[in-house]
Amino acid sequence: MNPSPPAASPLDELPRVRRDLLPLALIPVIALLGVPLVGSFSTWVTLTFAGLAMGMIIFIIASGLTLVFGLMDVLNFGHGVFITLGAFLATAILGPLAGWTTSERILLNLGAVLVAMVAAMILVGLVGFLFERAIIRPVYGQPLKQIMITMGGMIVGEELIKVVWGPQAIPLLLPAGFRGSILMGEAAVEKYRLVAVVIGLIVFAAMFWVLSRTKVGLLIRAGVQDREMVECLGYRIKRLFIGVFVAGSALAGLGGVLWGLFQQSVVPQMGGAITVLLFIVIIIGGMGSVGGCFIGSLLVGLVANYAGFLAPKVALFSNILLMVIVLLWRPEGLFSVGKQ
Amino acid sequence: MSEPLLQLQGVHTHIGAYHILQGVDLEVPPGEFTILLGRNGAGKTTTLRTVMGIWSASEGSIRFEGQEIGNLGTPDIAQRGIAYVPENMGIFADLTVHENFVLAARGAKRSADMDPKRLAWVFELFPALRKFWQHPAGLLSGGQKQMLAVARAIVEPRKLLLVDEPSKGLAPSIIQNMVQAFRELKRTDTTILLVEQNFNFARQLGDRVAVMDGGRIVHTGTMASLAGDEALQQRLLGLSLASHQ
């Protein structure tokens, strides 16, 4: 949008616009805290890139979930099934494209991953549409039923995935060009993690652009705050919600592809296993806040990797500890959404 | 009297187990300023919310421009040209004043798409909003938020404006600004149905008045006749204008 502000009136006192940048500082603070704790700078660089890559993938998966909650107060515990489906679709698509993934040409590798990502987004988006119609729609405004039915939906989804692909783990190998590491000084950074960071940044930039520069984005941000008023202005919030739900599901499918490649194998339970992490992220960020979700994801990614290296036993609950600390500081999360 | 723009006949509204509106009959003539008065809990806000389709009428008819709208959803009702300013103002606090305007102008994708003459007129009514154009609406004072709420409702021409207690919680000087703004709106022949408890505020604006009690309309007439009849005020509202001046 290109607003042209009208001439200012000297009569009114101008309040200072206070931008809340403090949560942004948490990422460099946590990263810098890691330097003395990890000890070796090259190890720190490796862990930091691993944490950022993990955080970016979590953000891609969780961003739709936070918007779905923000817009319609829907807690979708079935989000994990979209991740699993995306990952399994990647195995089905990348298998026949083995010629591309094993090629030494990086463009062919990228093309194969791109095909898998786009196909997973489309198919998982379609499944998301059906999920919203059949499972979410009948339980609008009934939180307890939402929890039960979406969890049930995930269990059914997982079982259907087992029917199609079997219950065993399926390897999902990285394309040849994404394997191995590049050296940054003495630090080795896995190539695929760099790719994941770049894809995460592209998704974040696209989402930021849509939310801040388009009318649809404006409607989403307004709907998160007060959906009743959005309807009173003449907009159909339920259509908007369906759109956001489908987009959120598609992003979860994309995240599933990236997460599967990150883990290099896929199992039917992988979505359920990550769901708790997703809820930690959106609670840390502030339910309904995309910016908060982004920062929360990166924090969770960094803390998980540093803790995993420094004290593997602490890594099991490090993210819950992080959530508790953030909530003690800001009980509504890093960026609270001013809901009416 | 000309054909009413808005007509409610025997409207009942239930909210959960509560039977709030118990047969509301109300007519809002075009181009006039109708005030809905009544004590707390009389059903005034419920009447506006039922017209907007936020709460569905369980019985009765709501007609706008002669067509039944009681069975429509809120967005459809708004698209027919009815704007609503709720009691809590419904401001999107995290959005800027400019973004609040763009949302209210349904045809606009950006501020440049809004009618500049209309925008200039709105700023004449509410000059304070000029300066805060790029500020988050949540930073505005209570009075400025109320101005934004009303400005948002009129940023595009609407056939009917439903306003719920615009003077609530405002300082007397701000209330007078609101009175001036509504007077300007009256000059444009905008049809307004305004819920109010501040009788002095209502008296300055209303052409017609309807008084609610117990979920029903118990009196309709001109504002002039009610303002001039202290006994009637005492009976209907438990007050007299003299005590409010």
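The values are calculated or read from the model by the stated rules, or taken from the named source; none is laboratory data. Being a predicted model, the structure only gives us computed values, none of them experimental. Glycine also receives a Cβ, built like all others from the backbone with ideal geometry; neighbour counts cover every protein chain displayed. When the accessible area is computed, the model is the full protein with side chains, heavy atoms only, and any ligands, DNA or RNA have been set aside. Shrake-Rupley method; radii C 1.70, N 1.55, O 1.52, S 1.80 Å.
Descriptive notes on the structure:
- Degrees between helix B:172-187 axis and first principal axis of chain B (Cα, 0 to 90, nearest 10): 90
- Membrane-span-like helices in chain A (whole DSSP H runs, Cα extent of at least 27 Å along the helix axis, mean Kyte-Doolittle hydropathy of at least 1.0): A:41-72, A:106-131, A:191-213, A:237-263, A:290-310.
- Whole-Hz Karplus values for the stretch A:166-176 come out as x, x, 7, 5, 10, x, 10, 7, 5, x, 3 Hz, taken residue by residue from phi with 6.51 cos²θ - 1.76 cosθ + 1.60 and θ = phi - 60°; glycine and proline positions read x.
- Amide H contacts of A:V266 (H built 1.01 Å from N, in plane; Pro and chain starts excluded): A:I170, A:L172 sit under 5 Å, all sequence-distant by 5 or more or on other chains.
- Amide H contacts under 5 Å for B:V218, placed H, 5+ residues apart: B:V211, B:M212, B:D213
- Across the stretch B:92-157, Cα pairs under 8 Å and at least six residues apart give a relative contact order of 48 percent.
- Protein accessible area in chain B, 1.4 Å probe - carbon and sulfur %: 46
- Calculated [θ] (222 nm, deg cm²/dmol) that DSSP helices of n ≥ 4 give over chain B, each run adding -39,500 (n - 2.57): -10000 deg cm²/dmol
- A DSSP coil position with no more than 11 other Cβ atoms inside 10 Å describes the following GluC sites (Glu not before Pro) in the stretch A:134-235: A:E186.
- Take every Cα pair under 8 Å whose residues are at least 6 apart in sequence, average their separation, divide by the length of the stretch B:90-245, and the relative contact order is 17 percent.
- 0 to 90° range, to nearest 10: angle between helix B:142-154 axis and chain B longest Cα axis: 90
- Shielding by partners - mean other protein chain Cβ count within 10 Å, residues of B:119-132: 3
- For chain B, the solvent-accessible area with a 1.4 angstrom probe is 39 square angstrom per residue.
- Most mobile of A:F49, A:F241, A:F317 in a GNM of chain A (Cα contacts under 10 Å): A:F317
- Those lysines that a straight Cα-Cα span of less than 20 Å connects to B:K131, excepting residues fewer than 8 apart in one chain: B:K117, B:K145
- Estimated dipole of chain B in Debye, rounded to 20 [Cβ of Lys and Arg +1, of Asp and Glu -1, Cα centre]: 580
- Cα gyration tensor, the stretch A:40-329 - rounded (a/c under 1.5), prolate or oblate: prolate
- With a simple spin-label model that places each label point 7 Å from the Cα along the Cα-to-Cβ direction, the separation between A:I147 and A:E332 comes to 2.2 nm.
- Taken along the Cα-to-beta-carbon direction at a fixed 7 Å, the label points for A:M184 and A:L107 span 2.8 nm.
- Rounded to whole Å, the principal axis extents of the Cα atoms in the protein assembly as shown read 90, 54, 42, largest first.
- Between helix B:116-125 and chain B: long-axis angle, C-alpha atoms, 0 to 90°, nearest 10: 60
- Taking Cβ atoms as reference points and 12 Å as the exclusive limit, the residues near B:Q9 contribute a net charge of -3, counting Lys and Arg as +1 and Asp and Glu as -1.
- Rounded to 5, percent antiparallel among DSSP beta bridges of chain B: 55
- Spatially, the stretch A:143-176 and the stretch A:278-325 are offset by 24 Å when compared through their Cα centroids.
- Among beta bridges from DSSP that stay inside the protein assembly as shown, the antiparallel ones total about 60%.
- Solvent-accessible surface of the stretch A:276-338, taken per residue with a 1.4 Å probe and all protein chains present: 40 Å².
- Farthest toward positive dipole pole in chain B [+1 Lys/Arg, -1 Asp/Glu at C-beta], among B:Q197, B:L103, B:V11: B:L103
- Virtual spin-label span in nm between B:A17 and B:E59, 7 Å along Cα→Cβ: 2.0
- Per-pair calculated FRET efficiency, R0 = 30 Å: B:T220 and A:R239 via Cβ, rounded to 0.05: 0.15
- Prolate/oblate/rounded label for the stretch B:25-68 (Cα gyration tensor, a/c 1.5): oblate
- Among the lysines of chain A, pairs that are 8 or more positions apart or on different chains and have alpha carbons within less than 22 Å of each other number 4.
- Cut-off under 5 Å, modelled amide H: who pairs with B:V195 long-range: B:L36, B:V163, B:D164, B:E165
- Helical mean residue ellipticity (222 nm; -39500 (n - 2.57) per DSSP H run of 4+; nearest 500) of chain A: -23500 deg cm²/dmol
- Panel note: contact residues of the stretch B:68-86 (accessible area lowered by at least 50 Å² against the chain on its own; 1.4 Å probe) correspond to B:P75.
- Take the accessible area of chain B alone and of chain A alone, subtract that of the pair, and you get about 3400 Å² summed over both chains, using a 1.4 Å probe.
- Our summary gives the stretch A:30-125 a relative contact order of 19 percent, counting only alpha carbon pairs under 8 angstrom and 6 or more residues apart.
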